[in-house]
1. Can you compute the label reach from Ser92? Point 7 Å from Cα along the Cβ direction, backbone N cut-off under 18 Å, restricted to segment 8-32.
2. Treating the beta-carbon of each Lys and Arg as +1 and of each Asp and Glu as -1, no other charges, what is the dipole magnitude of the chain about its Cα centre, to the nearest 20 debye?
3. Quick one: order Trp51, Trp80 by neighbouring beta-carbon count within 10 Å, fewest to most.
Amino acid sequence: MVTHSGPDPAVHRRRVIALVLSGIFPGLGQLYNRQLLKGLIGLALGLALSWLAGRAAPTDPYALPGAALLVPLCVLLAVWSWSIIDAWRTASR
């Protein structure tokens, strides 16, 4: 008879912590996973793209956002998504 014990609780805990940290800000999950270069690149990209989006945000709350705001936000979303997925996958190794 084959029994299935399920996933290792320690691996699951590491995955959840890495996922939450990357959800807070890109690169934090990679730093938690001891991937220094990936983590620093993620942090730098996240900071730069957040700064660009903040600079491009319209001061008038009724103004429509332009490409100067939407492009950095879309790239930031892509970097953030990659960071979350990568942190989850890497924490299981």
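1. 8-23, 29-30
2. Working: 8 positive and 3 negative charges, 76 e Å.
Taking the Cα centre of the chain as origin, the dipole is about 360 debye.
3. Placing the least packed residue first, the sequence is Trp51, Trp80.
A short reminder: the numbers here are calculations on the coordinates, not readings from a lab. This structure is a prediction, so every number in the text was calculated from the model and none was measured. When we count neighbours, we look across all protein chains shown, and the Cβ atoms used for this are built from the backbone with ideal geometry, even at glycine.
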